[in-house]
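J.: Handing you a structure now.
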Amino acid sequence: MKVAVIGANGFIGKHLVAKLSSLPDIKVFAFDISDTSVFDGKISYKKNDLSDIKKIATDFADIDLVYFLASATIPVSSWEKPLMEIEKNLIPFINF
């Protein structure tokens, strides 16, 4: 099974990638907004831009399961600026 983790460099993402990559029947693909990966080349990693719908369609065409863990905000900012939460997190998720 091919599994992608969006937000793979984050706290939850990197732990999920580590666990999934230890399972024998799973090939993990890590995605994040950073130019570099925290996985030192051990996991397939791509920088992604969730606003590029054509690239997303290409990158995820053969993926069986996606964990979407990306967030551009933190809880306090989402409470203070709910429209930013919608623009930065909800809309990219819906587009995905």
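J.: Suppose a student asked you for the relative contact order of the chain, using Cα pairs under 8 Å spaced at least 6 residues apart; what percent would you report?
T.: 32 percent.
J.: Rounded to the nearest 500 deg cm²/dmol, what is the calculated helix-only ellipticity per residue at 222 nm for the chain, with -39500 (n - 2.57) per DSSP H run of length n ≥ 4? Mind showing how you got there, number by number?
T.: Numbers: 5 runs with 33 residues, N = 96.
It comes out at -8500 deg cm²/dmol, rounded to the nearest 500.
J.: Two decimals is fine: what's Rg over Rh for the chain, C-alpha atoms, Kirkwood radius as Rh?
T.: 0.99
Throughout, read-outs are computed from the coordinates displayed, never taken from laboratory work. Computed from a prediction, not measured in an experiment: that's the story for all the values here.
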